[in-house]
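Contents: one structure, followed by commentary.
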Amino acid sequence: MAGLWVWVCALFLVLSITPAGFAAERLRMATTTSTENSGLLNVLLPPFEKANNCKVDVISVGTGKALKLGENGDVDVVFVHSRPAEDKFVAEGFGVDRRDVMHNDFVIVGPKEDPAGIKKAKTAAEAFKLVADKKVGFISRGDDSGTHKQEKIIWKAADITPSGGWCVEAGQGMGAVLQMAYDKKAYALTDRGTYASYASKLDLAILSEGDKALHNAYGIIAVNPKKHPKANYALAKKFIEYLTGPEGQEVIAGYKVGGQQLFFPDVIKNP
Amino acid sequence: MNAAYHLKDVVFAYNREPALRVESLVIGPGELVALYGPNGSGKTTLLHMLAFVLTPQAGEILFFREQVDKSNLLAMRRRIGLLPQNPYLFHSSVIANVTWALRIRGVDRSTRRKRALQALEWVGLPGFEHRHARGLSGGETQRVALARALALEPDILLLDEPASHMDRSSIRLVEEIVMQWNRALGKTVVFSSHARIQEHALTPHRTLCLLYGRIVGQGSENIFPGRISDSGMSFETEHIAFRLSRPVTSGDYLTVEPSRIMISIDIPMPSDMVNAWRGRIVAMSEAGEGIRLDVEAGERFSVLLTREAYDRDRAFLGQTVWLRVPDDAIEVLS
Amino acid sequence: MSFFLDSLLAAFHLIVGFDAEVYLIAWTSLKVSLVGASLASLTGVPLGLLIAFTEFRGKRGVLLALNTLMSLPTVVIGLIFYGLLSRQGPLGDLGLLFTPAGVSLGLFFLALPLIANLTIAAAHGLDPRLALTCRALGATPLQQAWMILKEARFAVICAIAVGFGRVISEVGVAMMLGGNIRGFTRTLTTAIALETSKGEFELGLALGMFLLIVAFGVNGLLFLFQRAK
């Protein structure tokens, strides 16, 4: 009995002295699930971490929650994609130094057979309208994420308030929504990056793309140090400079999944 | 006198229902005291109070002249060995059970072991030390619990119904230990029993009779349940009827003081035939300075004779005698 | 069928592959859960004994509250502690949000009512003669509590195992207070949630199997304790 106690106490000691992390400084970034799930951050962050001897803690949530975390000062920088919400965030004084970083685009995906016939639609709003008319099924993110905000913008443009059994609010991440669209043979709005990484797993086709309303821009904002003095503004600023500088922009431009480029840098021209 | 216990106006109540009320009780050092009374009469409550595991709501207890209060309760408790009626053994080995109380007193390991093995030998369980306590029979459990109390070498030994869960041979053994503990070591022993004291080999110096939470007679072992009849002039037990000198309106028990009972070999005078019965001497034993006779005369009476009376009458076992109870030896309780 | 077979294979690869990241995730899970469950045991067990063996005003209320707290969803505990640990919250200065210590704190409060409650149940299941025996043998309250603990060790260790099981398997607190930060606060459960959301179902299930193995190790240790002596 006594021997066991000693053993467990020793284990505890080891546990308690194990350092939480080795880097001296930490930068907390709230970002969207689509950014993290694309795998971009795995190549984008290490050069910055190495150069500044720091560690970037990535908290990936929906755009809404990411901005909320910034509002509460629980992160130092937010990296999201919903221009109206970002502008509001800055206007209310929660964020400073907003910069465009990169963009890709949203696409409307659905079953290959395209039961609603949205392929012939010229705009995204028109495509949505067709889906609503035929009531063939639409999976909404329903989680106040950037994609969800984009959905709402398009519905508004189509002058439709989606309701009824054909519109499902998933309340989940992009991947789960694509999975549901595949299982239910329904349509969904997705960012091209996430679609690309799922394309091999799910039998979903891009049925509408290219409309201006489908432009998906990613912006980075530092949390306002005047509002939250404890936020690591200095490092946040460095990170913004890195992302919008040549080094970061080139990493973004060079990131490919399955031979396809997922994000297009905004500061430098595409090589 | 340096009394072991001195209880003054002690009251103990469960949920405001008084369970025990003792106006005055003195137990001398080295005394062997029997507590006698029916179930629910307060014997266990009194023993637990003497063991300081129950604290009375009112009154005071002097223990070897010292007032017992919160500050010295633990120290007092540690001078007492209690054998509860239905003892609880810990889920561990017999030896761990016996040594635990010594361990928490800070007794070193080798002394602990020595004393525990000694105590187990006393109670007739040598070689039991590595047995698991939960695999013992009722009698063995009782004896291990006794060993646990004895190993503490307490100043006071309290035994609650020591005979209730044991077989005959175990009872005999325990009683012998208790007698030895009392006689050879001069330790105070208090034990309780709902059975007739006469059925024990133990001969207490004194018997306390408890009824409804009160000590109703010191030395009274003759306690007979029954009822009043004859418009208050008689008390009928199951087998015999007592004639009462004064009418009594209610009563459930009748006690007879053992030292006041008169014994004669000849038939008493007709004028003395009130409350007189013919009986047979069924047991004899020493009781302190005197002699105790058990006489079966319809009810079983315990009679205390002085040595002179015994020498004069030369009573012998199996002898038929006349037993007469004077009026002033009778008390009716309700 | 191939789904489960693939998951099993993936789990096997995760474990024998000694992938540093997976092992770090498992280690983080184990660390935050052990710290949370141990703190909850160290406070919940004495608290349970205290509540069980003392009479006080409002005891029924406390028991009812403890029972109710057991039904608290983990995400709600996560939200409550987010409110406390957020930089704007009253404990924001501690800087515990999105750290393993913050997760442990939330897990501690998750397991506390559970362990306290089960300890109370264990104490009520004890023989009433035990306390009397301890007192009659001259035990101090502390010595008595220790003996009671030893006598009730089967049930108490079971309570601790239930508490540990609850914290290592929950995802709400770990997600909310840890933030699922890769290489820092990512636990097995948040990793499972992440992989599942990415559609990597096989990997998610494989991580679940890994979690079971970790839990098996801890429970094995507790089992040894239970059997000791």
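A few notes on this one:
- Residue list for the range C:198-224, filter: open to solvent by 30 Å² or more (accessible area, probe 1.4 Å) and over 18 Å from the mean Cα position of the chain (by Cα): C:Lys198, C:Glu200, C:Phe201, C:Glu202, C:Leu203, C:Leu205, C:Met209, C:Leu224
- Residue check, A:Asn53 at pLDDT 90 or above and not assigned by TED's automatic domain parsing to the domain that holds A:Ser208: yes
- Contact annotation: residue pairs with Cβ atoms under 7 Å, 6 or more positions apart or on different chains, pairing a residue in the range C:203-229 that is among the aromatic types (Phe, Trp, Tyr) with a partner that is surrounded by fewer than 18 Cβ atoms within 10 Å (Cβ to Cβ), are C:Phe210/C:Ile15; C:Phe225/A:Leu4.
- Tally, over the range A:127-158, of residues that are open to solvent by 30 Å² or more (accessible area, probe 1.4 Å), touching a residue at least 24 places away in the same chain (Cβ under 8 Å) and closer than 18 Å to A:Ala116 by Cβ: 4
- Residue in the range A:210-217 that is within 14 Å of another protein chain (Cβ to nearest Cβ), in contact with a helix residue (DSSP H, G or I) (Cβ under 6 Å, 6 or more places away or on another chain), within 30 Å of A:Arg28 (Cα to Cα) and open to solvent by less than 10 Å² (accessible area, probe 1.4 Å) present: no
- Of all residues in the range B:246-263, exactly one satisfies the criterion of being surrounded by fewer than 14 Cβ atoms within 10 Å (Cβ to Cβ) and either in a strand (DSSP E or B) or touching a residue at least 60 places away in the same chain (Cβ under 8 Å) (or both), namely B:Ser250.
- The strands (runs of 3 or more DSSP E) found entirely in the range B:102-218 that carry 2 or more residues being touching a helix residue (DSSP H, G or I) at 6+ places or on another chain (Cβ under 8 Å) and either exposed (fewer than 15 other Cβ atoms within 10 Å of the Cβ) or touching a residue at least 12 places away in the same chain (Cβ under 8 Å) (or both) are B:156-159, B:188-193, B:206-211.
- In the set (1) closer than 30 Å to C:Ala155 by Cβ; (2) open to solvent by 30 Å² or more (accessible area, probe 1.4 Å); (3) free of Cβ contacts under 8 Å to residues at least 40 places away in the same chain; (4) assigned to a helix (DSSP H, G or I), the condition left unmet by C:Leu5 is number (1).
- Selection count where residues are more than 8 Å from every other protein chain (Cβ to nearest Cβ) and not in a helix (DSSP H, G or I), scope the range B:89-101: 2
- Considering residues of the range A:77-119 that are part of a loop (DSSP other than H, G, I, E, B) and of a type in the set (Asp, Glu) only, the residue modelled with the highest pLDDT: A:Glu92
- Residues that are under 12 Å from B:Tyr253 (Cα atoms), at pLDDT 75 or above and in contact with a Ser or Thr (Cβ under 8 Å, 6 or more places away or on another chain), drawn from the range B:185-239: B:Cys209, B:Leu210, B:Leu211, B:Tyr212, B:Asn222, B:Ile223, B:Phe224, B:Pro225, B:Gly226, B:Ile228, B:Phe235, B:Glu236
- A search for C-beta distances below 9 Å between a residue of the range B:56-77 that is in contact (Cβ under 8 Å) with a residue 60 or more places away in the chain and any residue that is open to solvent by 50 Å² or more (accessible area, probe 1.4 Å) and assigned to a loop (DSSP other than H, G, I, E, B), counting only pairs 6+ apart in sequence or on different chains, returns B:Phe64/B:Asn2; B:Phe64/B:Pro29; B:Phe64/B:Arg79; B:Phe64/B:Asp155; B:Arg65/B:Asn2.
- The test for being at pLDDT 90 or above, exposed (fewer than 15 other Cβ atoms within 10 Å of the Cβ) and at the interface with chain C (Cβ under 9 Å from one of its Cβ atoms) does not hold for A:Asn72.
- The combined condition, being open to solvent by less than 10 Å² (accessible area, probe 1.4 Å) and among the hydroxyl-bearing types (Ser, Thr, Tyr), is not fulfilled by A:Tyr182.
- The residues of the range A:227-250 that are within 14 Å of chain C (Cβ to nearest Cβ), in contact (Cβ under 8 Å) with a residue 40 or more places away in the chain and not aliphatic (A, V, I, L, M), listed by number, are A:Lys227, A:His228, A:Lys230, A:Asn232, A:Tyr233.
- Identity of the residue in the range C:118-162, among the small types (Gly, Ala, Ser) and open to solvent by 30 Å² or more (accessible area, probe 1.4 Å), that ends up nearest to C:Phe223 (Cα to Cα): C:Ala155
- Summed over the range B:72-88, residues that are among the polar types (S, T, N, Q) and not in a loop (DSSP other than H, G, I, E, B) total 0.
- If the condition is being at the interface with another protein chain (Cβ under 8 Å from one of its Cβ atoms) and open to solvent by less than 20 Å² (accessible area, probe 1.4 Å), then the range A:35-59 contributes A:Asp57, A:Val58, A:Ile59.
- Qualifying position, being open to solvent by less than 60 Å² (accessible area, probe 1.4 Å), more than 14 Å from every other protein chain (Cβ to nearest Cβ) and closer than 30 Å to C:Pro141 by Cα, among C:Val45, C:Val22, C:Val35: C:Val45
- In the range B:290-308, the count of residues that are more than 26 Å from the chain's Cα centre (by Cα) and not assigned by TED's automatic domain parsing to the domain that holds B:Tyr212 is one or more.
- Residue in the range A:130-138 that is of a type outside the set (Lys, Arg) and touching a Leu at 6+ places or on another chain (Cβ under 8 Å) present: no
- Complete set of residues in the range A:75-95 that are touching a strand residue (DSSP E or B) at 6+ places or on another chain (Cβ under 9 Å), touching a residue at least 60 places away in the same chain (Cβ under 8 Å) and more than 11 Å from every other protein chain (Cβ to nearest Cβ): A:Val77, A:Val78, A:Phe79, A:Val80, A:His81, A:Ser82, A:Arg83, A:Glu86, A:Phe89, A:Val90, A:Phe94, A:Gly95
- From B:Val11, B:Val53, residue being open to solvent by less than 50 Å² (accessible area, probe 1.4 Å), among the β-branched types (Val, Ile, Thr) and more than 14 Å from chain C (Cβ to nearest Cβ): B:Val11
The values are calculated or read from the model by the stated rules, or taken from the named source; none is laboratory data. The structure displayed is predicted, hence computed values, not measured ones. Neighbour counts are summed over all protein chains in view; Cβ atoms, including those assigned to glycine, are modelled from backbone coordinates with ideal geometry. The protein model used for the area step is the full one, side chains on, heavy atoms only, and it has no ligands, DNA or RNA in it. Shrake-Rupley method; radii C 1.70, N 1.55, O 1.52, S 1.80 Å.
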